[in-house]
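Each remark here refers to the structure printed beneath this line.
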Amino acid sequence: MNTLTETNFNFPNQLSKYSGKVREVYKFKNDVLVMISTDRLSAFDVVLPKGIPYKGQILNQIATKMMKDTEDLVPNWLISTPDPNIAIGHCCDPFKIE
């Protein structure tokens with residue numbers, strides 16, 4: 001079974017790309033981010049060589065559901081989710097509450 005472990009897109013108006021342990025984030029000129037959740041697996045800050053099928057999709061769907069369910073209480077960055085692995089949102093500074 002195939003897994004999504006990396007992306008190499010080059011979008012119009014793209015300013016940068018950041019690859020984290022699990023997500024890849026593309027930043028655009030209009031302060032919009034495209035966040036792609038991959039199937040990469042990390043443990044103890046090490047990205048393991050094989051991904052887990054559908055891990056990124058499930059991770060993204062949980063995060064977007066929570067943002068949609070609480071958007072009336074707390075504003076968030078999410079604009080849309082055009083694909084199970086993709087979240088599009090506003091570039092912003094996080095408000096850390098942990």
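The values are calculated or read from the model by the stated rules, or taken from the named source; none is laboratory data. The shown structure was predicted, so the numbers you read here are calculated from the model rather than taken from an experiment. Counting neighbours? That spans all protein chains shown, and the Cβs are built from the backbone with ideal geometry, glycine included. Accessible surface areas use protein heavy atoms only, side chains included; no ligands, DNA or RNA. Shrake-Rupley method; radii C 1.70, N 1.55, O 1.52, S 1.80 Å.
Worth a mention:
- Out of Leu59, Leu4, Leu15, Leu33, one residue alone is under 25 Å from Cys92 (Cα atoms), touching a residue at least 40 places away in the same chain (Cβ under 8 Å) and hydrophobic (A, V, I, L, M, F, W, C). It is Leu33.
- Lone unmet requirement of (1) touching a Cys at 6+ places or on another chain (Cβ under 6 Å); (2) open to solvent by less than 50 Å² (accessible area, probe 1.4 Å) for Asp31: (2)
- The residues of the stretch 1-27 that are charged (D, E, K, R) and part of a strand (DSSP E or B), listed by number, are Lys17, Arg23, Glu24, Lys27.
- Scope the stretch 75-98; condition of a type in the set (Val, Ile, Thr), open to solvent by less than 60 Å² (accessible area, probe 1.4 Å) and in contact (Cβ under 8 Å) with a residue 40 or more places away in the chain; matching residues: Ile86, Ile88
- Within the span defined as the stretch 15-22, one or more residues are polar (S, T, N, Q) and either more than 16 Å from the chain's Cα centre (by Cα) or surrounded by fewer than 11 Cβ atoms within 10 Å (Cβ to Cβ) (or both).
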